[in-house]
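The values are calculated or read from the model by the stated rules, or taken from the named source; none is laboratory data. All of these numbers come straight from a predicted model, not from anything done at the bench. Don't worry about glycine lacking a Cβ; one is built from the backbone with ideal geometry, like all the others, and counts go over all protein chains shown.
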Amino acid sequence: MTELDKTIRGNADAAVGTAKAAAPKRRPRKKTPRAASPAAECEKAETPAATAQGDATTGGTAVPKPEEGAPGEGIVAEVLESIGGLGEELMETAGRVRSHSFVNIAGNLLSAARDLLTLDYYGRRLGELSLKDRSGEVDEFGLDERYWAKIQPLYEFLFYKYWRVALKGLANVPVKGRAILVANHAGTFAFDGVMLRVAVQNEHTAKRDVRFLVEDFIYHLPFAGTFMNRIGGVRACQENAERLLERGTAIATFPEGIQGVGKLFHDRYKLQRFGRGGVTKLAIRTKSPIVPVAIIGNEEIYPLLGKITRFAEPFGVPYIPLTPTFPWLGPLGLVPAPVKWAIHFGRPIDYSKYPVDSADDTVLVNKLTENLRARIQQMVVELLGERRSLFRG
């Protein structure tokens, strides 16, 4: 062995000793692994002497260093770092929550619950969704001809196929000009206004339109009032009715109002008081004929067995109906019974002979109103006498 070889061997042994001294002590195992050769230990050592000798023996080419740490050690570090960041975010969020008092948090929760109970949120969402079906123009009362054309087949199915409505005296409706159709009202979820519109629009010789007046409470619901306007309904008030009649439109009104819709099943077809004579005053002031209308079948599609008023206020309705199917069957309880309907249009009553100022005569108005109610009641009784079966007419 030459002097140069001895020098290289000595330097290598010194490097190995230094590396062993720097390495941490490990627990001895039963089986000691085979010691690495001096050449391998030289490659692991990172002393300047070993590097220099390696360059000399390999012709100046540096030996590549292996990556430090075990495989996957970097992934573990990233996970720990992410968990640490998440913890900081959680602590920051908790700090923000602690900055609010319990009263504020509870108030926000109660406000959200109140919005859900009053259905405001659902009303806004349904309103947003319904905008895509709206036509560019509607009339001053909200009628959307495009929307009505889409939903009209549903009501025509109910009219012709489901309730199989029989008409009588339809020719008594004037061919043109103003007219007031006055009918009995019932059904809990009333369909009679739309059925009158379909009857006159489809079956009358003049194919004329009828705008039906809708009770005020409907407009306290999130979307029902807007829906009624879009299919031809108009909010019931003297001003709206007069504006329609001045345009020569035929209107349908139900003087029983909510009392008629809320009649219990054992009181069906017993007409309630016609309010304060508003329909008679309207006819006198506008010189419009009144066409009395009797409807049977509408008071049996939802047999009203009872009413709950205690919990109705949050929903904006006068009562929650109890029928043989609702609310016991959930949404299925809203399906009306397939009872056969009949509609009788009576001879028009002319009020043009009364001067306009007679609309302020309470005694006269009450007398004319009661006579009108009695006439419609008699027509209802006659239709019931002609009916052979509830479902077959």
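Glu256: free of Cβ contacts under 8 Å to residues at least 12 places away in the same chain, within 17 Å of Arg276 (Cα to Cα) and either more than 29 Å from the chain's Cα centre (by Cα) or assigned to a strand (DSSP E or B) (or both), yes or no?
Here the answer is no, as Glu256 does not meet what is asked.
Would you mind stating whether Asn202 is touching a Gly at 6+ places or on another chain (Cβ under 6 Å), at pLDDT 90 or above, among the polar types (S, T, N, Q) and within 30 Å of Arg146 (Cα to Cα)? Reasoning before the result, please.
Numbers: touching a Gly at 6+ places or on another chain (Cβ under 6 Å): no; at pLDDT 90 or above: yes; among the polar types (S, T, N, Q): yes; within 30 Å of Arg146 (Cα to Cα): yes.
Against the criterion (touching a Gly at 6+ places or on another chain (Cβ under 6 Å), at pLDDT 90 or above, among the polar types (S, T, N, Q) and within 30 Å of Arg146 (Cα to Cα)), Asn202 does not qualify.
Can you confirm whether region 264-281 contains a residue that is among the charged types (D, E, K, R), assigned to a helix (DSSP H, G or I) and within 27 Å of Tyr219 (Cα to Cα)?
In the first step, residues of region 264-281 are kept if they are among the charged types (D, E, K, R); the result is 267-268, 270, 273, 276, 281.
Adding the requirement that they be assigned to a helix (DSSP H, G or I) leaves 267, 281.
Still in the list and also within 27 Å of Tyr219 (Cα to Cα): 267, 281.
Checking region 264-281: at least one residue is among the charged types (D, E, K, R), assigned to a helix (DSSP H, G or I) and within 27 Å of Tyr219 (Cα to Cα).
So which of Leu364, Leu372 is farther than 28 Å from Ala199 by Cα and touching a helix residue (DSSP H, G or I) at 6+ places or on another chain (Cβ under 8 Å)? Full working, then the answer.
Working: Leu372 fails: farther than 28 Å from Ala199 by Cα.
Being farther than 28 Å from Ala199 by Cα and touching a helix residue (DSSP H, G or I) at 6+ places or on another chain (Cβ under 8 Å) holds for just one of Leu364, Leu372, which is Leu364.
Take region 227-253 and flag every residue that is in a strand (DSSP E or B) and within 18 Å of Pro318 (Cβ to Cβ). Don't jump to the end; show me each part of the working.
Narrowing region 227-253 to residues in a strand (DSSP E or B): 234-235, 250-253.
Within region 227-253, just Arg235 meets the criteria.
List, please: which pairs have Cβ atoms under 7 Å, are six or more places apart or on different chains, and start with a residue in region 349-363 that is over 25 Å from Ala183 (Cβ atoms) and end with one that is charged (D, E, K, R)?
Val356/Arg285
Considering region 157-213 alone, what residues qualify as being of a type in the set (S, T, N, Q) and under 33 Å from the mean Cα position of the chain (by Cα)?
Scanning region 157-213 gives Asn184, Thr188, Gln201, Asn202.
Scan region 197-226 for residues that are assigned to a loop (DSSP other than H, G, I, E, B), touching a residue at least 24 places away in the same chain (Cβ under 8 Å), farther than 22 Å from Pro255 by Cα and not aliphatic (A, V, I, L, M) and report the count.
Quick first cut of region 197-226, residues assigned to a loop (DSSP other than H, G, I, E, B) only: 204-209, 215, 221-223.
Checking which are touching a residue at least 24 places away in the same chain (Cβ under 8 Å) leaves us with 204-206, 208-209, 215, 221-223.
From what is left, the residues that are farther than 22 Å from Pro255 by Cα are 204-206, 208, 222-223.
In the following step, the residues that additionally are not aliphatic (A, V, I, L, M) were identified as 204-205, 208, 222-223.
Looking only at that region, the number is 5.
A quick yes/no check of all residues on (1) under 29 Å from Ala171 (Cβ atoms); (2) crowded, with 20+ Cβ neighbours inside 10 Å; (3) without any contact (Cβ under 8 Å) to a residue 24 or more places away in the chain; (4) among the hydrophobic types (A, V, I, L, M, F, W, C):
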{"position": "Ala252", "(1), (2), (3), (4)": "yes, yes, no, yes"}
{"position": "Asp267", "(1), (2), (3), (4)": "no, no, yes, no"}
{"position": "Phe274", "(1), (2), (3), (4)": "yes, yes, no, yes"}
{"position": "Leu282", "(1), (2), (3), (4)": "yes, yes, no, yes"}
{"position": "Lys307", "(1), (2), (3), (4)": "no, no, no, no"}
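For Ala179, all conditions in the list (1) modelled with pLDDT under 90; (2) touching a Pro at 6+ places or on another chain (Cβ under 7 Å); (3) not polar (S, T, N, Q) hold save one; what is the number of the exception?
(1)
Identify the single condition in (1) modelled with pLDDT of 95 or more; (2) touching a Leu at 6+ places or on another chain (Cβ under 8 Å) that Gly277 does not satisfy, given that it satisfies every other one.
Result: Gly277 passes all but (1).
One line per residue, one yes/no per condition, for (1) closer than 15 Å to Val182 by Cβ; (2) over 28 Å from the mean Cα position of the chain (by Cα); (3) basic (Lys, Arg):
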position	(1), (2), (3)
Asp216	no, no, no
Ala224	no, no, no
Asn229	no, no, no
Arg235	no, no, yes
Phe274	yes, yes, no
Gly277	yes, yes, no
Leu282	yes, yes, no
Pro292	yes, yes, no
Gly297	no, yes, no
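Hey, among the residues in region 165-181 that are in a strand (DSSP E or B) and touching a Phe, Trp or Tyr at 6+ places or on another chain (Cβ under 8 Å), which one's surrounded by the most Cβ atoms within 10 Å (Cβ to Cβ)? Steps first, please.
Initial filter on region 165-181 (in a strand (DSSP E or B)): 166-168, 179-181.
From the residues that got through so far, the ones that are touching a Phe, Trp or Tyr at 6+ places or on another chain (Cβ under 8 Å) too are 166-168, 181.
On the way: Ala166: 16, Leu167: 16, Lys168: 16, Leu181: 25.
My answer is Leu181.
Just need a number here: residues in region 382-393 that are surrounded by 12 or more Cβ atoms within 10 Å (Cβ to Cβ) and over 40 Å from the mean Cα position of the chain (by Cα).
2
Would you be able to say whether some residue in region 342-365 is within 20 Å of His185 (Cα to Cα), at pLDDT below 95, basic (Lys, Arg) and in a loop (DSSP other than H, G, I, E, B)?
No: zero hits.
Before we move on, is Thr369 surrounded by 15 or more Cβ atoms within 10 Å (Cβ to Cβ), in contact with a Pro (Cβ under 6 Å, 6 or more places away or on another chain) and hydroxyl-bearing (Ser, Thr, Tyr)?
No, not satisfied.
Here is a check on your reading of the model: is Lys150 at positive phi, among the basic types (Lys, Arg) and without any contact (Cβ under 8 Å) to a residue 40 or more places away in the chain?
It is false that Lys150 is at positive phi, among the basic types (Lys, Arg) and without any contact (Cβ under 8 Å) to a residue 40 or more places away in the chain.
Among the numbered conditions (1) in a loop (DSSP other than H, G, I, E, B); (2) within 27 Å of Ala337 (Cα to Cα), tell me where Ser288 comes up short.
Failing condition for Ser288: (2).
Yes or no: Ile295 under 30 Å from Tyr160 (Cβ atoms) and touching a helix residue (DSSP H, G or I) at 6+ places or on another chain (Cβ under 7 Å)?
Yes, satisfied.
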